[in-house]
Amino acid sequence: MDLDFSALKQRLYSAVLSDVLDGFGRKDQAMLPFVRPLDESLVMFGRVRTGQYMNTYSVAEGENPYEIEIALIDDLKSDEVPIFACDGPTTRIAPWGELLSTAARLRGAVGCVTDGLVRDVRQIRAMGFPVFHGGIGPLDSRGRGKMMAMDVPVMCGGVAASPGDLVFGDVDGVVVIPQDIAADVVSAALAKIESEDNTRRALEEGHLLGEVYQKFGVL
């Protein structure tokens, strides 16, 4: 499926994608509300890459605790979004910061999602790179957690995500679109947006909500 992510992110939004996914019977595709954007003005849309983290409590002599993390970042392609699964907002793991944002952006990535912590917030906001996080904290992940696998199915923010899925994020939240229905979901979302535009115009013209809903079936 070949998508123009840059153009589509100007038209789509997380709420309409969530509504459409509900209609496809996929009702658990929106991440839990603790996953929030560092910059609410930014929109993110791209193809998923994944990293699974585990808690650690030490670093062995000679060990590189960032080995798999580095491999994933260096392998990112245009329009990809790394999703780092760290098991929720109480985690000790802060896997994302300014340097990973810089490296990911230069590889062509269009954002990051983690249910772990992020740091270097001022620098990331200044570069305009969309990051969605489970909390903010100064902790280095070294000796606290490390990526144990990349490009595997993960659970992040309460949602299952696999490499090749699509992920969309904006001020309302983050939605994961399974790749097996992604083309149909995007098409249906664009059609729903057109119906919502018609509904909005009718309401602005003074028509009653009930009659507008009966005509367009969108609320």
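The values are calculated or read from the model by the stated rules, or taken from the named source; none is laboratory data. Only a predicted model underlies this, so the values are computations on that prediction, with no experimental measurement involved. FYI the Cβ positions are ideal-geometry reconstructions off the backbone, even for glycines, and counts take in every protein chain you see.
Structure values in brief
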| item | result |
| --- | --- |
| Residue ID - nearest to residue 155 (Cα to Cα), chosen from residues in the range 89-116 that are under 15 Å from the mean Cα position of the chain (by Cα) and hydrophobic (A, V, I, L, M, F, W, C) | 113 |
| Qualifying residue in the range 96-107 (condition: modelled with pLDDT of 95 or more and part of a strand (DSSP E or B)) | yes |
| Pair list, Cβ under 6 Å, 6 or more apart: the range 165-191 residue closer than 14 Å to residue 50 by Cβ, other residue surrounded by fewer than 18 Cβ atoms within 10 Å (Cβ to Cβ) | 165/179; 166/182; 179/164 |
| Unique residue being among the charged types (D, E, K, R) and not in a loop (DSSP other than H, G, I, E, B) when the list is 92, 49 | 49 |
| Matching residues in the range 117-145 - criterion: being part of a loop (DSSP other than H, G, I, E, B) and at pLDDT 95 or above | 119, 120, 128, 129, 130, 134 |
| The range 204-219 - residue that is surrounded by 14 or more Cβ atoms within 10 Å (Cβ to Cβ) and aliphatic (A, V, I, L, M) and, of those, nearest to residue 168 (Cα to Cα) | 218 |
| Exclusive hit being in a loop (DSSP other than H, G, I, E, B) and either under 20 Å from residue 174 (Cβ atoms) or free of Cβ contacts under 8 Å to residues at least 12 places away in the same chain (or both), set 58, 41 | 41 |
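Rundown of residues vs (1) of a type in the set (A, V, I, L, M); (2) over 20 Å from residue 7 (Cβ atoms), yes/no style:
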site	(1), (2)
152	yes, yes
161	yes, yes
169	no, no
189	yes, no
196	no, no
